[in-house]
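Okay, so here's the structure we're looking at.
The values are calculated or read from the model by the stated rules, or taken from the named source; none is laboratory data. All of these numbers come straight from a predicted model, not from anything done at the bench. Cβ placement follows ideal geometry from the backbone for every residue including glycine, while neighbour counts extend to all protein chains displayed.
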Amino acid sequence: MANKKRNTILFVVLALGLLLMFFASISLGSVTIPLKDVVASLTGGQATKSTWEYIIINYRLPKTITAVLAGTGLSMSGLLMQTLFRNPLAEPYVLGLSSGASLGVAFVILGAGFLPSFLSVIALSSYAIVLASTLGSTLVLFLVLIVSQRLRNTMAILIVGLMFGSFSTAIVSILTYFSTAEQLQKFTFWTMGNLGNLSWTNIVILTFCVGIGLLLSAKSIKPLNALLLGENYAKSMGLNFKQARLIIILATSLLSGAITAFVGPIAFVGLAVPHIAKLTFHTSNHTILFWSTLFFGSIIMLFCDIVSQMPGYDVTLPINAVTSIIGAPVVIWLVMRKRNF
């Protein structure tokens with residue numbers, strides 16, 4: 001009873017924290033917009049200045065929604081992978097999806113120099129980059145799924161995913177070696193991640209992909225709880241292990257693949273947020289971890305987005321760097337605090 005009351009209080013605090021971070025992310029930036037004007041714009045009213053309203057609706061609201069989607073999707077992917085492989089170091093990109101996406105983008109950006117000028121312009125458009133990233137991660141997904149149907153050992157799938165990632169990274173390295181400085185700079189900018197380049201159409205597509213991924217994750221809550229005690233125990237309880245594993249891999253691939261395609265690879269969140277949720281709620285029950293991971297993922301990504309905007313300055317820091325700089329010390333502190341981790 002005491003644990004239930006404590007969890008309820010924690011969830012209320014997380015919900016309030018998410019609401020605060022959501023509005024703070026829209027309010028803060030190179031131009032600080034008063035909170036009352038943010039609320040007015042989002043509730044159908046008018047802001048004091050028309051320029052503020054334009055900034056909120058067309059720039060900051062899409063970016064904030066993207067941050068929430070990225071935070072929830074990546075953190076949930078990390079939770080799924082850590083439980084499936086029973087490895088605390090597993091993260092969303094452990095199956096090689098990020099490397100596959102990077103390979104697709106590398107072919108477009110770094111290979112554009114070998115195309116005629118009019119085709120080069122098309123290849124470097126944002127839609128072409130998203131499509132290339134999606135195709136790259138999808139190709140790796142299909143390869144992993146084919147292998148997973150042939151392998152009984154789950155750890156073998158982890159090794160195969162890492163090998164796919166290494167192979168893709170090697171091809172990218174060859175492409176970068178023969179690329180110009182301008183192409184390398186554009187590719188480097190993509191690898192740093194960016195939450196602010198999505199149109200409303202892109203956000204609708206990303207929301208759909210993340211929504212399907214989260215539904216598959218919710219369907220996997222009971223199998224994940226069974227897997228905590230080992231694969232053999234889960235099978236003895238009547239779990240269709242192959243089907244459960246396939247659904248978990250599909251959910252992870254859909255979440256991390258779609259997010260990488262639209263915002264680029266983002267480090268730390270998928271690896272660290274599940275640990276933060278476990279250490280905060282003192283549980284391994286995935287019914288609780290499912291919701292707590294979603295809340296923590298959203299809050300942490302929004303906080304990192306606020307920091308990356310450098311409120312009051314015209315400079316924007318790479319979101320990928322900010323998540324790692326802020327996240328790593330937090331996880332180290334939590335682990336040191338909970339010595340029985």
Checklist entry - Quick one: is G17 within 24 Å of the chain's Cα centre (by Cα), surrounded by 22 or more Cβ atoms within 10 Å (Cβ to Cβ) and within 30 Å of N225 (Cβ to Cβ)? => result no
Next on the checklist: I'm trying to understand the selection: among the residues of segment 156-174, which are surrounded by 13 or more Cβ atoms within 10 Å (Cβ to Cβ) and either more than 16 Å from Y93 (Cβ to Cβ) or polar (S, T, N, Q) (or both)?
Outcome noted: A156, S168, T169, I171
Checklist outcome for this item: Filtering segment 239-289 down to residues that are among the charged types (D, E, K, R), surrounded by 20 or more Cβ atoms within 10 Å (Cβ to Cβ) and under 25 Å from S137 (Cβ atoms) yields R245
Checklist entry - T8 versus (1) touching a residue at least 40 places away in the same chain (Cβ under 8 Å); (2) under 30 Å from L279 (Cα atoms); (3) surrounded by fewer than 16 Cβ atoms within 10 Å (Cβ to Cβ): which is the lone unmet condition? => result (1)
Checklist entry - So which pairs qualify, if the first residue must be in segment 47-74 and free of Cβ contacts under 8 Å to residues at least 40 places away in the same chain, the second must be surrounded by fewer than 21 Cβ atoms within 10 Å (Cβ to Cβ), the Cβ gap must be under 6 Å, and the two must be at least 6 apart or on different chains? => result A47/D37; A47/A40; A47/E53; T48/D37; W52/D37
Checklist entry - How many of the residues in segment 1-34 are in a loop (DSSP other than H, G, I, E, B) and touching a Ser or Thr at 6+ places or on another chain (Cβ under 6 Å)? => result 1
Checklist outcome for this item: All conditions in (1) more than 13 Å from the chain's Cα centre (by Cα); (2) farther than 17 Å from M192 by Cα are true of I326 except (2)
Checklist entry - Where in segment 241-341 are the helices (runs of 4 or more DSSP H), entirely inside, with at least 2 residues that are of a type in the set (K, R)? => result 241-263
Checklist outcome for this item: Note: among L145, L195, L151, just one is at pLDDT below 80 and under 25 Å from the mean Cα position of the chain (by Cα), namely L145
Checklist outcome for this item: Among L229, L162, the single one that is over 21 Å from T72 (Cα atoms) and either touching a Cys at 6+ places or on another chain (Cβ under 8 Å) or in a loop (DSSP other than H, G, I, E, B) (or both) is L229
Checklist entry - Out of curiosity, is L224 of a type in the set (A, V, I, L, M, F, W, C), closer than 22 Å to L74 by Cβ, out of contact with any Asp or Glu (no Cβ under 9 Å at 6 or more places or on another chain) and surrounded by 17 or more Cβ atoms within 10 Å (Cβ to Cβ)? => result yes
Checklist entry - Filter segment 45-90 for residues that are of a type in the set (A, V, I, L, M, F, W, C), farther than 30 Å from V144 by Cβ and assigned to a helix (DSSP H, G or I); which is modelled with the highest pLDDT? => result L61
